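Nothing in this text is a laboratory measurement; each read-out follows from the coordinates by a stated rule. This one's a predicted model, so the numbers in the text were calculated from it and none came from an experiment. For neighbour counting, all protein chains shown are included, and Cβ atoms are generated from backbone atoms with ideal geometry for every residue, glycine included.
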Amino acid sequence: MKKIISVILFSLIIVFTFSKVYVEDGMVVFEYEDRTANSVFVAGTFNNWSTSAWGMDYRDGVWIYVTNLQPGVYEYKYVVNGTDWYEDPESPDYVPDPYGGRNSKFELVLEDGELKIVGGEAQEGKASIISGKYEFGLKTKLEEETGFFANPEVKNEVVLSINPNVQNADLELKIGASSLNDSFQFKVYGMKALWMQEHLSLGAFYKTAINPNYNFDYENPETELPGFGFILNYSDFYVGADLLLTQENKVKFLTFADGSFYDFRVGLLFDTVEATSLVIRGEAYNFFTELNLEDWEFNSVLIGYEKADSFGASFLYAALDEYLTVKGFGVYNDFDLDGAIYYETTGENFYAFQIGGGYTLLESYRIGGGLYFNGDGKSGFNLNFKLENEDFPVKVKVGFGNNIKVDAKPFNPDDKYFTLSVAAEF
């Protein structure tokens, strides 16, 4: 009888609970719903299966834990009330545990500088270690005198990514070719070879981000230069350094530190590539601020709020470049809206603003456009149509109008273009 009751209770837990693991803003998020639990911990290979190290926070019926993790393969379970172990019913993958059950499993990978979670189905669907993308672009200018389009620019680009599946390593090579009209160029887009351990990763790279926790608005020097780097991590704290080789054959260095606790995150970056730059970034409850010092002189400050796929706003004051910008976006159901204001703090106090938006139909077709106006009395517009769906590997975008950038100077409203772009991943 007790056994039957236990089975029934276990079944009810499975029915009335949900859990998931995903990546948001470079952080790995574990969620587990259990309104009756007194405590929930997430235990796995990332914390030596500790039943007390990673305590989850309870928010509106859901237990949540947010952490930084290096790319790799991880196994985990949830520990409820200190004694009850449960697998993740929505886990990307599973492996047998030593006790006749299953451990939840996922693989964290770094693709194009962004962390992503893949599981068994994703691995099976990606049978080859080679992936790639192809992009086609057409741009032609409208001649006001004739009413015809002229001087077309045709661009083609193919990039192949080779990612050997080697245990305790993160290997990648990106090669390809690009063309502008009839001129072709073959090149290496990036590569990296990292040795990965639980608390340490180190290796060489070429124009490829190796720091999975890089969340600064400041441009990442790793994506522009070759170098050697290492990252140490313990729990939610990371520290690392890079030696970088510039185009002038000078050796520069970059160091960083990043730490998270509860809903707070603090990052520190020290860079000597272009100048001696110190960047400090703080995040809490979807708010963020970033302070930049250049050669120990105040350079810029960025303040903002962003809730993914919903609403965001930011303010940037660049003291050395003497301008400020205000940007924002909002998404409601199938509608999206964005805008920006640019203002120069010296000279003639030039200013400009733009606003854009769109509507997505049937989750695949987006119709949008934008308007532009500046302090010189010049205005512009553009219209665009985009076909994009997660289940369709080809993306198509068609546009007509001005090239609108809020900080563009000079701006000629007579320059109107027809554009067509096609992108496919394989």
Where labels lie 7 Å past Cα in the beta-carbon direction, separation of I130 and V158 in nm: 1.0 nm
Contact order normalised by residue count of the stretch 129-425, Cα under 8 Å, 6+ apart, percent: 11 percent
Net lengthening on full extension, A204/S310 (0.36 nm per residue, minus Cα-Cα): 34.4 nm
Working out 0.36 nm times the residue gap between V394 and T276, then minus their Cα-Cα distance, what length gain in nm do you get to one decimal? 38.2 nm
I'd like the GluC sites (Glu not before Pro) in the stretch 291-372 restricted to DSSP loop residues with at most 16 other Cβ atoms within 10 Å, sorted by number. E322, E348, E363
Taking only the alpha-carbon positions of the chain as identical scatterers, the Debye log10 I(q)/I(0) at q = 0.06, 0.10, 0.11 Å⁻¹ comes out as -0.33, -0.91, -1.10
Using +1 on the beta carbon of Lys and Arg, -1 on that of Asp and Glu, and nothing else charged, what's the dipole of the chain about the Cα centre, debye to 20? 840 debye
Helix-only CD estimate at 222 nm, as mean residue ellipticity for the chain, using -39500 (n - 2.57) per DSSP H run (n ≥ 4): -1500 deg cm²/dmol
Please list, in chain and number order, the residues 5+ apart from W49 or on another chain whose amide H is under 5 Å from its amide H, with Hs placed from the backbone. G44
Within a Gaussian network of the chain (alpha carbon springs, distance under 10 Å), most fluctuating of V62, V42, V326: V62
Which chymotrypsin sites (Phe, Trp or Tyr not before Pro) in the stretch 21-83 sit in a loop by DSSP (not H, G, I, E or B) and have at most 15 other Cβ atoms within 10 Å of their own Cβ? W49
Loop-only trypsin sites (Lys or Arg not before Pro) in the stretch 205-302, please: DSSP not H, G, I, E or B, and at most 10 other Cβ atoms within 10 Å. K250
For the chain, the longest principal axis of the Cα atoms and the Cα long axis of helix 2-16 enclose an angle in degrees, to the nearest 10, of 10 degrees
On full extension of the chain, what length is gained from Y351 through R59, given 0.36 nm per residue of separation minus the C-alpha to C-alpha distance? 100.7 nm
How do I162, I231 rank when sorted from fewest to most other Cβ atoms within 10 Å of their own Cβ? I162, I231
Between S183 and L383, how many nm apart are label points set 7 Å from Cα along the C-beta direction? 3.4 nm
Pairwise label distance in nanometres, F148 with D295, each label 7 Å out on the Cα-Cβ vector: 5.3 nm
Residues other than F288 with Cβ under 15 Å of its Cβ, Lys/Arg counted +1 and Asp/Glu -1, net out at -4
